Structure formats: structure tokens, C-alpha cells
Amino acid sequence: GEQVEQLPSILRVQEGSSASINCTYENSASNYFPWYKQEPGENPKLIIDIRSNMERKQTQGLIVLLDKKAKRFSLHITDTQPGDSAMYFCAARPMSNYNVLYFGSGTKLTVEP
Amino acid sequence: EAAVTQSPRSKVAVTGGKVTLSCHQTNNHDYMYWYRQDTGHGLRLIHYSYVADSTEKGDIPDGYKASRPSQENFSLILELASLSQTAVYFCASSPGLGGTNTGQLYFGEGSKLTVL
């Protein structure tokens, strides 16, 4: 399987600043790392992902970094807006069971005006 | 847009009672999953299935059974519900890994279960 640790569990930032969430994984053979956003009362939705053959990926104000050596990946939200307030989950997929995602414990992000 | 529907959306059950949570997908996906969400624990995998009439155990299968009678339907069964099973349960489907597919999960709306 896989163990994914996610920090911080709670994050408050001011509107317009950036927010960073960090995750570590144990299985060095894991090769796919998605991030899901869950708004209050909603289901989780994929917002960005990165494969192990990349170190950085960026889309629409989101940046994902992957450090395979350290077995660490992170999500950076630039120029945060109140609409970014939500729960964020990182996940990892191990090669041993490549159709199962193992999730971190989540980060509750609050963007304050 | 992928479509995964769960029923019921909310349920109150008594300790020791039987609970069945149902999930239906119209995505023609091979893979279906049941996750449990608790504060501080994120999403934990209970059971999953990659083909009809077959299920696999996830990380926390104890106290749960699963049934996949068809590609479209996947149920989670709590034979003897306990207080500790109070949680939000999410069903998800996925096309699996292959070709351009990354194995993205498409989640249902969730089922809030309260066991009293």
C-alpha cells in the first residue's frame, strides 16, 4: 500500500497571499500524485496532478512540486481568493496497486478577506 | 461529466442494525471504490472493485462488506452497525489506468451515516 502524511491540517491565509500544503509518502515506487479539492458539503474533485516523471506542474494559479528523492510533494496556491477556501487532499498511487489512491488526512484552507 | 450517484444521502441507524449504502455510476468505468471520511483521517479506502461480482479489501474493511452485482452498481453493507461507523461515505468510480487515463476518481455526493 502507501502511507501519505499531509500538513498542515489547518491553514489560514490572507486574500492575495499564497498557501502551501505539503505531503510525504513512503513507497518510493509511487508514481502518480493528484490533489483533490472538497468544498463544504460537496464531493472531492481533482484540481491538479503530477506524475513521477515531472518535478513541477502549473495550471491556473496552482503549482505542484515533486521531490522524489525526499518522497515529498506540495501544492502551492498563488494569489489566494475566498473561493479557494476548502479542504484539500493529496494522494499517492503505488506501483504495486496502481488503481488505488491513498489519501492524506486533508488540509482545511481558509482564505480571509 | 462523470456521474456517480449515492443513496441514501443521509441515514440514521441504530446500533446493531443493518445498513446498505448504494452507488450507481453511468460512466462505464471498470473501477469503483468506497471511501470513508472522518475529520482528521481524510479519505480511507474500505473496499473497491474492478469487475462485477468481485470485490477487494482496502485499508479498513473490518465491519464492512461490499457487493458489485453489475458494472454500474456497488454497495457497501454494514451488517451490524456500530457507533464508530458514524461517518461520511463516498463512492467513486474510475476508468483505471491505461492509455491517456490517469486513474482519476470521480466521487459521488457522499452519504452521511449516523449510528445511534
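Which is the longest run of chain B containing none of the trypsin sites (Lys or Arg not before Pro) found in DSSP loop states (not H, G, I, E, B) with at most 15 other C-beta atoms within 10 Å?
B:19-116
What trypsin sites (Lys or Arg not before Pro) in the stretch A:65-105 are in a loop by DSSP, with at most 10 other Cβ atoms within 10 Å of the Cβ?
Here the sparse-neighbourhood loop sites are A:69.
What are the extents of the Cα atoms of the stretch B:1-80 along their three principal axes, in Å, largest first?
Projected onto the principal axes, the Cα atoms of the stretch B:1-80 cover 35, 25, 22 Å.
Let me check against my output: what whole-number percent is the relative contact order of the stretch A:1-52, with C-alpha pairs under 8 Å and at least 6 apart?
This gives 30 percent for the stretch A:1-52.
Over what distance in Å are the Cα centres of the stretch B:41-116 and the stretch A:90-108 separated?
One Cα centre to the other: 15 Å.
What is the projected area of the convex hull of the Cα atoms of the stretch B:41-85, averaged over all directions, in nm²?
3.5
Taking Cα pairs under 8 Å and at least six residues apart, what relative contact order does chain B come out at, in percent?
Working: 308 pairs, mean separation 40.5, N = 116.
Taking the mean separation of contacting Cα pairs over the length of chain B, I get 35 percent.
Within the stretch A:85-113, name every residue whose backbone N is under 20 Å away from a label modeled 7 Å from Cα of residue A:78 along the Cβ vector.
Answer for the stretch A:85-113: A:85, A:111-112.
Using only atoms on other chains, find how many Cβ atoms lie within 10 Å of each Cβ of peptide A:96-107 and report the average.
Mean number of neighbouring Cβ atoms from other chains: 6.
Taking neighbour Cβ counts within 10 Å as the exposure measure, how do A:63, B:77 sort from fewest upward?
Ranked by crowding around the Cβ, least crowded first: B:77, A:63.
Determine by what factor the alpha-carbon radius of gyration of the stretch A:1-53 differs from 2.2 N^0.38 Å, reporting the quotient.
Compared with the compact-globule rule of thumb, the stretch A:1-53 sits at 1.34.
Give a quick list of GluC sites (Glu not before Pro) in the stretch B:1-97 that DSSP marks as loop, anything other than H, G, I, E or B, with at most 14 other Cβ atoms within 10 Å. Show your work: numbers first, answer last.
Numbers: sites: B:1, B:56, B:72, B:79; in loops: B:1, B:72, B:79.
Listed in order of number, the matching sites are B:1, B:79.
Pairs of alpha-carbon atoms within less than 8 angstrom and 6+ residues apart define the contacts here; what relative contact order does the stretch A:25-113 have, in percent?
Contact order relative to length: 29 percent.
Find, among the GluC sites (Glu not before Pro) in the stretch A:1-104, those assigned to loop by DSSP (not H, G, I, E, B) with at most 16 other beta-carbon atoms within 10 angstrom.
A:15, A:26, A:42, A:55
From the Cα gyration tensor of the stretch A:1-90, with a ≥ b ≥ c the square roots of its eigenvalues, which class applies: rounded if a/c is under 1.5, or else prolate if a/b is larger than b/c, or else oblate? Please report the intermediate quantities before stating the final value.
Values: a/c = 1.84, a/b = 1.57, b/c = 1.18.
In terms of gyration-tensor shape, prolate.
If R₀ is 25 angstrom, what is the calculated FRET efficiency for the pair residue A:9 and residue A:42, using the beta carbon separation as r and rounding to 0.05?
0.80
Give or take rounding to whole Å, what are the principal axis extents of the alpha carbon atoms in the protein assembly as shown, in descending order?
So the extents along the principal axes, rounded to whole Å, are 48, 40, 32.
Consider just the alpha-carbon atoms of the stretch A:37-113 and return their Rg together with their Dmax, both in angstrom.
13.3, 44
No value in this document is a laboratory result; all are computed from the given coordinates. Predicted model only: the values in this text are computed from it and were never measured. Using ideal geometry, Cβ is built from the backbone for each residue, glycine included, and neighbour counts are taken over all protein chains shown.
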